[in-house]
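Read through the structure below, which is laid out as structure tokens, and then see the notes.
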Amino acid sequence: MERGPSDAAASASVVLDNRQVGPGCFEMHLANEHVAGCAAPGQFVHVRVPTATADPLLRRPLSVCLAEPSGGVFTVLYQVVGKGTTMLSALRPGESLDVLGPLGRGFEMPPSGGSGGGRAGAGRAAVVAGGLGIAPLIMLSHALVRAKVGFSFIVGARASHLLVGLDLLPPHEDARLCQVHVVTEDGSVGRQGLVTDTLGDLLVRGDVTCVYACGPAGMLREVARLGEAFRVPVQVSLEQRMACGLGACLGCAVRARGTESGEHPAYLRVCADGPVFRAEEVDLDGIA
Amino acid sequence: MGSPDLSVSIGAIRMKNPVMTASGTFGFGREYGRIFDISALGAVVTKGVTLEPRAGNPPPRLWEVPCGILNSIGLQNPGLEAFIRDEAPRLAGCGVPVIANISGDTTAEFCEIASRLEEVPGVEGLEINVSCPNIHAGGQPFASDPESVYRVTSSVRRATPKTLIVKLSPNVANIAATARAAEMGGADAVSCVNTYLGMATDTVRMRPVFPRVFAGLSGPAIKPLALRAVWEVAAAVGIPVVGIGGICSARDAVEFFLAGARAVAVGTGNFISPTACLEIVAGIRSYLEERGIRAVADLVGRAQGAVSGNAGGAGQARSGCTQ
């Protein structure tokens, strides 16, 4: 897809709020009219860690979790995993962050449910979030509500205190439109088990027409397996170590599926061909 | 005084400024073309092109280290035919000199690519990659000794009248010797340096991070090493040197000019700031203006002249010579 020079630009964003919402998990609100105005669900921003030195060197890709075009504000959810994210977590309101984006290919929306949204028999989307994988799916959920596509939002974590971002989901007073299923491995809240158990139940019931997923590699593999078994299309959002974020350096490759045997395996770029892929496009066994 | 003269020439290529892109960091200009007008660059050096398409290495391909990146991309590229068909015509219309980086496993492959690019409009020069560390098992480059650099350079020289740049590997005992071999083989310039071989170990899995074990180190971490290599090479050859290695700012670029580089290429710096090249061009202009220096060419090798009994000077033994 060729796009104009203006749709991915590096620009300064002012931090409006940056607060801890879980163990090592932070929610940051940034003022940036460009990103807030044109980010699509599933896209990401590539942020430069504010440091006077060259360490950490590379930008950090963060999913856009919410974007409010009218307010010119967007939200990211991130986990502190190393030096770069530790420095991000220390940012205070009023400080500025260099943001490149929005970047990448986001989620394909299902056909609209029409004015009677989510009515029985029309089929529903299933959105499956594992841990911090909820980030891009929050924005997707808002888009589904706007498109009046009914969906089940299955969100899980090891334990209740690791569930983050639920407060950012669209208001779901209309249960036909948005039904939230909380799952924890230890049973501390919601159903005990795995998100894929709940997805399996919904698939068995037969009214799921498409699945969206983001989370750990093992979860994505199981979601893809279920989708294949039930012949329901699955879109997954992937992560990979990334350098340019634009598709030029070929550093964030994942192996493509379905390349002819005997041929060299082909690779796809998470930053530009993804981060959202149809599950059948990528070799999920190869992701970490 | 008017605006300083930023133009430089590398072989027959006249560049409006001395800043080009380093191969493999800028694709074929499409992606960065979304961010800025690439005609503002001195030149575009393309992603390495091979005769046949290459899938590249399995992931992981990147590993960040303090002030640098290890990469093991493995020359993923669409192959010469697709380059000529899909990339070169568009690049030819971008208003910027294009230097195709080419790579092969044998001298014959280099020559075939060079002769097939001879008639391709828009490609003004070739940079021959005799030093990519990722294409062979164990990271052994194709040409790490002066004799093979001479052999491949002189063969490609016969195959093309276009400007010929030899990209030197720093993973050699005597880089000045390989530079002289390139010069004697007929290169118009050398670019200096490609990535340094390094590695990283995954302490959780207790195995090397990269399936190919060794990977190429780039970024600010290698700048002092690259600068020394440029210094040695510039003292050893008469052809222009393109300085490469961790250049992220105009000040970095100026260091390379003073050490003897005629032009610079920005690689990893593009990843940190996608408009790094533009910022560096502007910064070089300011540097010259502030000091009343007329032309960027006046900076080239100036630090060498400042050192008495120049340690890397031309009087150094030419024992690595190939002829």
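Given the stretch B:75-132, report the % of alpha carbon pairs whose separation exceeds 13 Å.
When all Cα pairs of the stretch B:75-132 are counted, 59 percent exceed 13 Å.
With charges only on Cβ, +1 for K and R and -1 for D and E, what is the dipole size of chain A about its Cα centre, in debye, rounded to 20?
Using Cβ point charges on Lys, Arg, Asp and Glu, chain A gives about 100 debye.
Which of the cysteines found in chain A have nothing to pair with, since no other Cys Cβ lies under 4.7 Å from theirs?
Lone cysteines by the Cβ rule: A:Cys25, A:Cys38, A:Cys65, A:Cys178, A:Cys210, A:Cys214, A:Cys252, A:Cys271.
Please compute the volume of the convex hull spanned by the alpha-carbon atoms of chain B and report it per residue in Å³.
128 Å³
So how much accessible area does B:Ser9 have, in Å² to the nearest 10, using a 1.4 Å probe?
40 Å²
Among B:Tyr150, A:Tyr212, what's the order by accessible area (1.4 angstrom probe), most exposed first?
B:Tyr150, A:Tyr212
Please compute the average number of Cβ atoms from other chains found within 10 Å of each residue's Cβ in peptide B:66-77.
Per-residue shielding by partner chains comes out at 4.
Given a cut-off of under 8 Å on Cα pairs at least six residues apart, what relative contact order in percent is computed for chain B?
Relative CO of chain B lands at 19 percent.
In chain B, with Lys and Arg counted as +1 and Asp and Glu as -1 at Cβ, which of these residues, B:Ala282, B:Gly185, B:Ala200, has the Cα nearest the positive end of the dipole, that is, farthest along it?
Comparing the listed Cα positions along the dipole, B:Ala200 ranks first.
Equivalent-ellipsoid semi-axes (√(5λ), Cα gyration tensor) for chain A, whole Å, largest first?
For chain A, the ellipsoid semi-axes come out as 29, 23, 19 Å.
Using a 10 Å cut-off around each Cβ of peptide B:272-278, what is the average number of partner chain Cβ atoms that fall inside?
Across B:272-278, the average partner-chain Cβ count within 10 Å equals 4.
Quick one: how many Å² of A:His181 are accessible to a 1.4 Å probe, rounded to 10?
40 Å²
To the nearest 100 Å², how much accessible surface do chains B and A cover up together, summed over both, with a 1.4 Å probe?
Adding both sides of the contact gives about 2900 Å².
Give or take rounding to whole Å, what are the principal axis extents of the alpha carbon atoms in the stretch B:1-67, in descending order?
54, 35, 24
Under the rule of -39500 (n - 2.57) per DSSP H run of 4 or more residues, summed and divided by the residues of chain B, what mean residue ellipticity at 222 nm is obtained, to the nearest 500 deg cm²/dmol?
One gets -8000 deg cm²/dmol as the mean residue ellipticity at 222 nm.
Take B:Leu217, A:Leu220 and sort them by solvent-accessible surface of the protein heavy atoms, 1.4 Å probe, largest at the top.
Largest accessible area first, the list is B:Leu217, A:Leu220.
Determine the sum of side-chain charges near A:Arg92: Lys and Arg each +1, Asp and Glu each -1, restricted to other residues whose C-beta is under 11 angstrom from that of A:Arg92.
Charge balance in the 11 Å sphere: -1.
Can you tell me, using C-alpha contacts under 8 Å and at least 6 residues apart, the relative contact order of the stretch B:171-272 as a whole percent?
28 percent
Please sort B:52-59, B:289-296, B:223-230 by packing, taking for each peptide the average over its residues of neighbouring beta carbons within 10 angstrom, highest first.
B:223-230, B:52-59, B:289-296
Roughly how many Å² is the accessible area per residue of chain B, as a whole number, for a 1.4 Å probe?
Value for chain B: 36 Å² per residue.
Taking the Cα centre of the protein assembly as shown as the origin, how large is its charge dipole in debye, to the nearest 20, when only Lys and Arg (+1) and Asp and Glu (-1) carry charge on their Cβ atoms?
Once rounded to the nearest 20, the dipole reads 460 debye.
With springs connecting C-alpha atoms under 10 Å apart, model chain B as a Gaussian network and identify which of B:Ala40, B:Ala234, B:Ala100 has the largest mean-square fluctuation.
B:Ala40
With all protein chains present, calculate the accessible area of B:Thr201 using a 1.4 Å probe and round the result to the nearest 10 Å².
80 Å²
Tell me which residues come under 5 Å, amide H to amide H, from B:Val45 once H is placed; ignore anything under 5 positions away on its chain.
Long-range HN contacts for B:Val45: B:Thr21, B:Ile99.
Would you please give the residues with an amide H less than 5 Å from that of B:Ala215, counting only those at least 5 places away or on a separate chain, with H modeled from the backbone geometry?
Residues meeting the amide H criterion: B:Gly198, B:Met199.
Go through the stretch B:46-59 residue by residue and turn each phi into a ³J(HN,Hα) via Karplus (6.51, -1.76, 1.60, θ = phi - 60°); whole Hz please, and just put x for glycine and proline.
6, 4, x, 10, 10, 4, 9, x, 10, 6, x, 7, x, x
Given a 1.4 angstrom probe, I'd like the percentage of the accessible area of the stretch B:108-234 that is carbon and sulfur, rounded to a whole number.
Looking at the stretch B:108-234 in its full context, I get 53 percent from C and S.
Return the whole-Å distance between the Cα centroid of the stretch B:199-255 and the Cα centroid of the stretch B:11-73.
Each part's Cα centre sits 15 Å from the other's.
Tell me, what is the percent relative contact order of chain A, built from C-alpha pairs under 8 Å that lie six or more residues apart?
Reported relative contact order: 16 percent.
Decide, for the stretch A:60-208, between rounded, prolate and oblate: order the square roots of the alpha carbon gyration tensor eigenvalues as a ≥ b ≥ c, take rounded if a/c falls under 1.5, and otherwise choose prolate if a/b is larger than b/c, else oblate.
oblate
Ordered by residue, what ³J(HN,Hα) values in Hz, to whole numbers, does the stretch A:271-276 give under the Karplus form 6.51 cos²θ - 1.76 cosθ + 1.60, where θ = phi - 60° and Gly and Pro are x?
6, 10, 7, x, x, 8
Three principal axis extents, largest first, for the C-alpha atoms of the protein assembly as shown, in Å?
83, 55, 46
The values are calculated or read from the model by the stated rules, or taken from the named source; none is laboratory data. It should be emphasised that the depicted structure is a prediction, and the values quoted were computed from it without experimental measurement. So basically every Cβ, Gly included, is an ideal-geometry build from the backbone, and we count neighbours across all protein chains shown. Accessible surface areas use protein heavy atoms only, side chains included; no ligands, DNA or RNA. Shrake-Rupley method; radii C 1.70, N 1.55, O 1.52, S 1.80 Å.
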